[in-house]
């Protein structure tokens, strides 16, 4: 008899626990896009990118000048001079490639440094909203395959926590 009661409790326990569970969803991409810090980070990234593009143009212009001079050399130009100019063209081409690679790495690093605190701020706000509102779990709306009617959209609560006006 006691075993039957114990088994009945074990069977009913998950149903009771799931009835008390509260699930929420947030649209973290939308929240991220609406934060003023994100717009500021984008502005900084655009400014840095413009500086890199400007420097790239200088390098490209130097390369084009040397290449054009090489193309316009007189047929009577000594081979030693032609070889020196060809070496100069190759060196400038390599400098351009190295610059492009390091500029790309610098921009990636800068993006990581600028966006990491914003992403952490959003994660902290989601966690705080979850704790304050007794959510069992909060999922990102971009991930689920199905969302039932008993799931709460906590995006507005997170926006409020972050000070984002509707």
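Projected onto their three principal axes, the Cα atoms of the range 24-162 cover extents of 85, 29, 16 Å, largest first.
In a fully extended conformation the segment linking residue 164 and residue 84 would gain 22.7 nm over its present Cα-Cα distance, using 0.36 nm per residue.
Mind checking the full-extension length gain between residue 61 and residue 150? Use 0.36 nm per residue of separation minus the Cα-Cα distance, one decimal, nm. The partial results should precede the final answer.
Details: separation 89, 0.36 × 89 = 32.04 nm, distance 6.20 nm.
Taking 0.36 nm per residue and subtracting the Cα distance, the gain is 25.8 nm.
Bear in mind these aren't lab numbers, they're just calculated from the coordinates by the rules spelled out. For clarity, every value in this text was computed on a predicted model and none was experimentally measured.
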